[in-house]
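Here's the structure we're looking at; comments come further down.
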Amino acid sequence: MKALEIIGNRELTGTLTIAGAKNSAVALIPAAILADDLVTIYNIPDIADTKALCDILTYLGVKIKKDKETLILDPKNINNKKIDERLSKKLRASYYFMGALLGKYKRVQMYFPGGCSIGLRPINLHLKGFEALGATVTQEGNCYIVEAEKLKGADIYLDFASVGATINIMLAAVKATGKTIIDNAAKEPEIVNVATFLNNMGAKITGAGTSTIIIDGVDSLHGCFHEVIPDRIEAGTYLIIGALCGKNLKIKNVIPEHLEALISKMSEMGVDMQIGQDYIEVTKKEKYKPVNIKTLTYPGFPTDLQQPFMTLLTQCLGKSTIEETIWENRFMQVPYLNNMGAKIEIVGQKACINGPTLLTGCEVEATDLRAGASLVAAGLLASGKTIIKNVEHILRGYEQIVEKLTNVGAKIEIKEID
Ligand code: EPU
């Protein structure tokens with residue numbers, strides 16, 4: 001089994017460059033099949049999730065050329081066959097093939113997606129959206145068949161501003177006849193990135209980034225060039241690590257506006273940050289004030305940064321709280337942080353963090369991607385050796401994490417353990 005070994009308590013200094021956003025790239029790759037011609041996407045992060053989606057493309061007959069962070073996809077000879085469970089189970093975002101294939105062929109057959117076990121993660125809102133557009137959904141065990149004679153624009157209100165449902169409905173509606181209106185749509189920057197991509201392909205989408213998205217269906221979509229936005233969650237994770245161990249640690253290729261909630265909470269704590277147009281520089285301070293956060297949809301505090309942020313809260317003087325409102329099961333890092341010396345109590349969906357506490361390295365487990373990130377942050381701060389098992393979860397979302405952290409002075413490596 002592969003594990004991350006970290007020798008902590010070292011000062012991190014230098015520059016870390018942020019990759020393209022995982023949660024944008026994982027939607028753009030399936031969305032590319034809607035085009036009738038070649039699509040070029042720049043700044044694709046080199047992570048396990050994008051590789052898993054390329055495996056699905058290859059399985060469907062899409063030709064792929066990869067040159068560093070650039071993907072050139074040729075969907076001309078795509079074969080709309082049933083997507084195997086083995087492929088769909090590898091990640092959550094495989095579900096974007098539902099919207100994309102339904103939008104293109106009016107039929108898709110695939111299995112329930114995989115992904116981190118951070119909650120129940122139903123897809124009822126996605127399916128409700130497809131049905132509103134005129135599709136029927138048949139479930140056979142874990143397999144879904146979604147098909148329509150014709151897709152017709154509709155008014156769709158989402159009970160929750162779901163990122164996945166908003167994107168999937170856009171993908172299915174982009175070639176439907178007439179107008180689709182998604183109300184209570186998610187407003188995350190990744191939604192804007194996907195809508196811009198589709199518009200570059202000839203779609204007519206307005207309102208992305210607000211809670212009402214309007215899609216005027218078009219007959220066909222052509223090839224295009226497009227760039228993935230920087231990963232705000234990777235950037236936020238390294239910013240947190242900088243507040244724990246940094247000395248003028250520069251995080252480059254960042255859109256600071258995408259990180260407003262985190263930056264504002266870190267400022268409230270007293271973290272020392274220099275914010276430039278596309279970078280943030282951070283230096284560790286000896287004392288931080290406690291703060292309270294509640295995870296919310298964008299532009300609120302992102303749930304994906306809640307877990308690494310918890311590690312930072314272990315260093316605040318007094319009691320901080322975190323309320324997790326998006327996922328039911330996103331405190332799995334807590335027992336491991338407590339084993340390292342933190343004092344964290346969970347009551348329902350709230351966690352109380354009493355600090356500051358000295359952290360000491362030990363053997364821990366990454367139960368999911370961002371729990372893994374919180375343990376990496378803890379390991380970098382802790383004295384002694386931290387071994388993080390189940391490193392695959394971390395590699396699903398953080399490009400070259402070992403190389404990036406080593407370059408700024410961390411002692412971190414991937415090792416084979418029993
Ligand atoms: N929900 C439903 N029904 C649905 C869809 C969602 O009840 O049909 C609920 C979920 O159970 C959850 C809430 O709505 O309680 C939010 O879910 P959302 O659909 O917004 O999440 P997602 O699209 O499955 C994406 C990211 C997650 C991130 C969330 C929230 C991708 C591939 N994943 O998930 O990222 O936490 O939005 O911002 O884009 C991560 O990167 O670590 C990660 C988990």
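The values are calculated or read from the model by the stated rules, or taken from the named source; none is laboratory data. These figures come from a predicted structure and were not determined experimentally. Reconstructed Cβ throughout: ideal geometry from the backbone, glycine too, with neighbour counts over all protein chains shown. Side chains included, ligands, DNA and RNA excluded: accessible areas come from the protein's heavy atoms. Shrake-Rupley method; radii C 1.70, N 1.55, O 1.52, S 1.80 Å.
Here are the numbers:
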| item | result |
| --- | --- |
| Any hit, segment 385-405, residues being open to solvent by 50 Å² or more (accessible area, probe 1.4 Å) and assigned to a strand (DSSP E or B) | yes |
| Residue in segment 198-208 that is in contact (Cβ under 8 Å) with a residue 24 or more places away in the chain, assigned to a loop (DSSP other than H, G, I, E, B) and either more than 11 Å from the ligand (Cβ to nearest atom) or open to solvent by less than 30 Å² (accessible area, probe 1.4 Å) (or both) present | yes |
| Pairs where the first residue, in segment 179-190, is assigned to a helix (DSSP H, G or I) and the second is away from the ligand (no atom under 12 Å from the Cβ), C-beta under 7 Å, 6+ apart | 189/229; 189/258 |
| Residue match in segment 184-195 (condition: of a type in the set (A, V, I, L, M, F, W, C) and more than 23 Å from residue 121 (Cα to Cα)) | yes |
| Members of segment 144-170 that are away from the ligand (no atom under 13 Å from the Cβ) and closer than 20 Å to residue 107 by Cβ | 145, 146, 147, 148, 149, 150, 151, 152, 153, 154 |
| Answer from 66, 22 - the residue that is open to solvent by 10 Å² or more (accessible area, probe 1.4 Å), within 30 Å of residue 376 (Cβ to Cβ) and within 17 Å of the chain's Cα centre (by Cα) | 22 |
| The one condition in (1) open to solvent by 60 Å² or more (accessible area, probe 1.4 Å); (2) in contact (Cβ under 8 Å) with a residue 24 or more places away in the chain that residue 139 fails to fulfil | (2) |
| Residue list for segment 85-140, restricted to those being among the hydroxyl-bearing types (Ser, Thr, Tyr) and either within 11 Å of the ligand (Cβ to nearest atom) or assigned to a loop (DSSP other than H, G, I, E, B) (or both) | 94, 95, 96, 117 |
| Selection from segment 318-329 of residues that are in a loop (DSSP other than H, G, I, E, B), open to solvent by 10 Å² or more (accessible area, probe 1.4 Å) and touching a strand residue (DSSP E or B) at 6+ places or on another chain (Cβ under 6 Å) | 325, 326 |
| Residues that are in contact with a Phe, Trp or Tyr (Cβ under 6 Å, 6 or more places away or on another chain) and of a type in the set (A, V, I, L, M), drawn from segment 258-290 | 261, 269 |
| Residue selected from segment 291-306 under the condition closer than 15 Å to residue 268 by Cα and either crowded, with 18+ Cβ neighbours inside 10 Å or among the small types (Gly, Ala, Ser) (or both), by the criterion farthest from the ligand (Cβ to nearest atom) | 291 |
| Test result for residue 153, open to solvent by 10 Å² or more (accessible area, probe 1.4 Å), over 20 Å from residue 21 (Cβ atoms) and either out of contact with any strand residue (DSSP E or B) (no Cβ under 6 Å at 6 or more places or on another chain) or not assigned by TED's automatic domain parsing to the domain that holds residue 34 (or both) | no |
